[in-house]
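Participant: I am attaching a structure below and will ask some questions about it afterwards.
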Amino acid sequence: MIILGIDTSCDETSASILQDGNILSNTVFSQNIHKKFGGVIPNLASKDHEKNISMTVKQAINDAKININDINAIGVTYSPGLISCLLVGLNFAKGLALGLNIPLIPINHLEGHLCSNLINDYKIKFPYLCLLVSGGHTQIWKVANVNDYNILSTTVDDAAGEAFDKGAKMLGLSYPGGPEIEKSAKNGDRNKYLFTIPKLKQNPLNFSFSGIKTSLYYKIKEMNKETINNELSDLAASYQEGILNILFHRMEIVIKSSNLKDISIVGGVSCNKRFREKTNEFKQKLGVRFHFPENQFCTDNGAMIAMCAYLKYLENKNLSNFDIIPIPNVKI
Ligand code: KG4
Ligand code: ZN
């Protein structure tokens, strides 16, 4: 079965082709226009999606070396995301699916991330724990099956990716901040500046990243630009380590309270090399296996949307829905 997956939820226009869960192509057009603003500007993002959606889908079809008529179904993100951006992908997918007379499968972007480690017959099998760490979300899910998810932990304020992005902005680095901080942190001393792990009384499993962001602000408040530049690699390495320590602290509690041995780590922040390296310390200590998708499937991509659509279609052939509307934030 050949599925086209489309995602335009934020600042990546992406289209991918999967055949029976295996990747044939993955085209991602990342918008650079937001760099100078230090964050995504919704109006500019939707216009850029509109400009590039057709070219992105054509490219995905060409790269997959298939004919447009070979596509059996289209999976498309309808939520969560910027409404004007979701509309572009959704309308394009509706028109194409109607024209080709094939099913249109609406997909929740978060479910797409949860399935991203299943692309290409990956080793991980249901049930598993999934840490979703992106620019908009930081959550731990128990994934029992494709339509059976249970949220165990979420952030009470910023997402981990947001903490990277905002920290990078404070340090004078560009957007998106995660890869910039990772680059600057390369030869830095990660123990030079200490960041504490927040404790939440109400739900100790939940994440919080507003404190670490404020702590960075106070650390650099008294420094002039030159000192920040001189200290950049140590500041970046310490800040990165601080964010990762919060993630591992909560993951450890959840892992210990569950009997699941496979942990999938997905979303943009999971590209981080130090993050991947740190799992080695924990896998022995906790007796678990950590799984990361290929980098191209960590950040937003159409392949995870196609994968999720494929798994849902196998479970229920009647889920085509042309009346679907974009929804900025819907629960799974
Ligand atoms: O999953 P994603 O592409 O989009 C959302 O659904 O949000 O995640 C984007 C986030 C951004 O905050 C970006 O700074 C972060 O992922 N990110 C990273 C790295 N690459 C992307 N954070 C840390 N280290 C990285 N290498
Ligand atoms: Zn995402």
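The values are calculated or read from the model by the stated rules, or taken from the named source; none is laboratory data. None of these values were measured; they are calculated from a predicted model. Here the Cβ positions follow ideal geometry from the backbone for every residue, glycine too, while neighbour counts run over all protein chains shown. SASA here: full protein model, heavy atoms, side chains in, ligands and nucleic acids out. Shrake-Rupley method; radii C 1.70, N 1.55, O 1.52, S 1.80 Å.
Participant: May I ask you to list the lysines whose Cα is less than 24 Å away from that of residue 261, ignoring any residue fewer than eight positions away on the same chain?
Facilitator: Cα-Cα hits under 24 Å: 123, 125, 142, 273, 278, 283, 285.
Participant: Kirkwood hydrodynamic radius, segment 228-332, all distinct C-alpha pairs: what's the number in Å?
Facilitator: 16.9
Participant: I'd like to know which of 293, 79, 21 lies farthest towards the positive end of the charge dipole of the chain, counting +1 on Cβ of Lys and Arg and -1 on Cβ of Asp and Glu.
Facilitator: 293
Participant: Related question: Taking a spot 7 Å from the Cα of residue 70 along the direction of its beta carbon, which residues of segment 82-123 have an amide N less than 19 Å from it?
Facilitator: Flagged as within label range: 97, 100-103, 120-121.
Participant: A follow-up question, please. Over all directions, how big on average is the projection of the convex hull of the alpha-carbon atoms in segment 155-202, in square nanometres? If you can, show how the numbers build up before the last one.
Facilitator: Details: hull surface 16.0 nm².
Value for segment 155-202: 4.0 nm².
Participant: Within segment 78-105, name every residue whose backbone N is under 12 Å away from a label modeled 7 Å from Cα of residue 1 along the Cβ vector.
Facilitator: 103-105
Participant: What number comes out for the charge environment of residue 102, summing +1 per Lys or Arg and -1 per Asp or Glu over other residues with Cβ under 13 Å away?
Facilitator: In short, +1.
Participant: Which chymotrypsin sites (Phe, Trp or Tyr not before Pro) does segment 217-324 hold that lie in a coil by DSSP with at most 15 other beta carbons within 10 Å?
Facilitator: Loop-located and lightly packed - 322.
Participant: If you take every DSSP beta bridge whose two residues both sit in the chain, what share of them, in percent to the nearest 5, is antiparallel? List each step's numbers first, then the result.
Facilitator: Details: 26 of 43 bridges.
Antiparallel bridges make up about 60 percent of those DSSP assigns within the chain.
Participant: Still on this structure, please answer the following. Based on alpha-carbon centroids, what's the gap between segment 295-332 and segment 1-73 in Å, whole number please?
Facilitator: Each part's Cα centre sits 14 Å from the other's.
Participant: Once both axes come from the Cα atoms, what is the angle between helix 160-170 and the longest principal axis of the chain, in degrees from 0 to 90, rounded to 10?
Facilitator: In the chain, helix 160-170 runs at an angle near 60 degrees to the longest axis.
Participant: Also: Relative to the longest principal Cα axis of the chain, at what angle does helix 225-257 sit, 0 to 90 degrees, rounded to 10?
Facilitator: 70
Participant: Over the Cα atoms, compute the radius of gyration (one decimal) and Dmax (the largest Cα-Cα distance, rounded to a whole number) for the chain, in Å.
Facilitator: 20.0, 63
Participant: Residue 128: net charge of surrounding residues, Cβ under 11 Å, Lys/Arg +1, Asp/Glu -1, itself excluded?
Facilitator: Details: positive: 123, 125, 142, 261, 289; negative: 262.
Surrounding charge for residue 128 is +4.
Participant: If we count every other residue with Cβ under 14 angstrom of residue 2's Cβ, Lys/Arg +1 and Asp/Glu -1, where does the sum land?
Facilitator: Around residue 2, the charge tally is -2.
Participant: Follow-up question, since we're still on this one. Give me the accessible area of residue 182, 1.4 Å probe, in Å² rounded to the nearest 10.
Facilitator: Surface open to solvent at residue 182 totals about 40 Å².
Participant: May I ask for the equivalent-ellipsoid semi-axes of segment 41-134, computed as the square root of five times each C-alpha gyration tensor eigenvalue and listed largest first in whole Å?
Facilitator: Working: eigenvalues 116, 80, 32 Å².
The three semi-axes for segment 41-134 are 24, 20, 13 Å.
Participant: Right, something else. How far is it, in nm, from the label point at residue 47 to the one at residue 259 when both lie 7 Å from their Cα along the line to the Cβ?
Facilitator: 5.7
Participant: What accessible surface, in Å², does a 1.4 Å probe find on residue 51, ignoring ligands, DNA and RNA and rounding to the nearest 10?
Facilitator: For residue 51, solvent-accessible area is about 150 Å².
Participant: Still on this structure, I have one more. Could you tell me the accessible area of residue 227 in Å² (1.4 Å probe, neighbours in place), rounded to the nearest ten?
Facilitator: The accessible area comes out at roughly 50 Å².
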